Ligand SMILES: [Zn+2]
């Protein structure tokens, strides 16, 4: 057998690099497992919180049923008050926490009037509503500005000038196609900024970053901030 010097060392080196790759893969797998466990725990916690909130949401009507069962109210009053339950939005329990639930219970069990309920409800939900308004207004303004940008550029017909700012096409600054338009680099970036909503992380709401679709609308999803539900 021919002895070839160097082969052993090459094998050793490739074994070493194989081992290193193996170790790296193990490390990555463990890290992924950890991430997965963290996410699963978070989701489980979230589901538990959600269930607890749904149970809380049912408390006012349970209270009313108990009042009827123990003959504290007659069937007529029971039927009338039962209709109030549909006016209790889950928002009141989520955002209003203890105060919201208490208010809902007092309302459904007939301790306060419709008007009193509405006034107090608005007080409790004022801050979350204001936050929601900010999100909707921001998206609306951005959509309007983007639509205006596109309409103006569409009127400017040219294959040698930027359809938005009129900058001449040059060898080192070519025009790029976007939304059926030819735009310079600066205007492409501006349009990109106008059509991307960076998302929102507030005290009550969370909105994932989203692309604004230019038909005057956007598919905006507002979700209740998970941290808020988890902390409450
Ligand atoms: Zn331009």
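The values are calculated or read from the model by the stated rules, or taken from the named source; none is laboratory data. Computed from a predicted model, the values in this text were never measured in an experiment. For neighbour counting, all protein chains shown are included, and Cβ atoms are generated from backbone atoms with ideal geometry for every residue, glycine included.
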Among residues of region 186-227, those that are touching a strand residue (DSSP E or B) at 6+ places or on another chain (Cβ under 9 Å) and either in the same structural domain as residue 96 (by TED's automatic domain parsing) or in a strand (DSSP E or B) (or both), counted: 11
Criterion violated by residue 149 - all others in (1) touching a strand residue (DSSP E or B) at 6+ places or on another chain (Cβ under 6 Å); (2) within 12 Å of the ligand (Cβ to nearest atom) satisfied: (1)
Complete set of residues in region 168-187 that are under 24 Å from residue 215 (Cβ atoms), more than 7 Å from the ligand (Cβ to nearest atom) and in contact with a helix residue (DSSP H, G or I) (Cβ under 8 Å, 6 or more places away or on another chain): 176, 178, 179, 180, 181
Complete set of residues in region 53-77 that are exposed (fewer than 13 other Cβ atoms within 10 Å of the Cβ) and within 21 Å of residue 204 (Cα to Cα): 54, 55
So residue 165, is it out of contact with any strand residue (DSSP E or B) (no Cβ under 6 Å at 6 or more places or on another chain), in a helix (DSSP H, G or I) and within 16 Å of the ligand (Cβ to nearest atom): no
Region 124-141, residues that are surrounded by 12 or more Cβ atoms within 10 Å (Cβ to Cβ) and over 25 Å from residue 194 (Cβ atoms): 124, 125, 127, 128, 129
Which numbered condition residue 194 fails, given (1) crowded, with 16+ Cβ neighbours inside 10 Å; (2) modelled with pLDDT under 95; (3) near the ligand (Cβ under 9 Å from one of its atoms): (3)
Those residues of region 78-89 which are assigned to a helix (DSSP H, G or I) and surrounded by 15 or more Cβ atoms within 10 Å (Cβ to Cβ), in sequence order: 78, 81, 84, 85
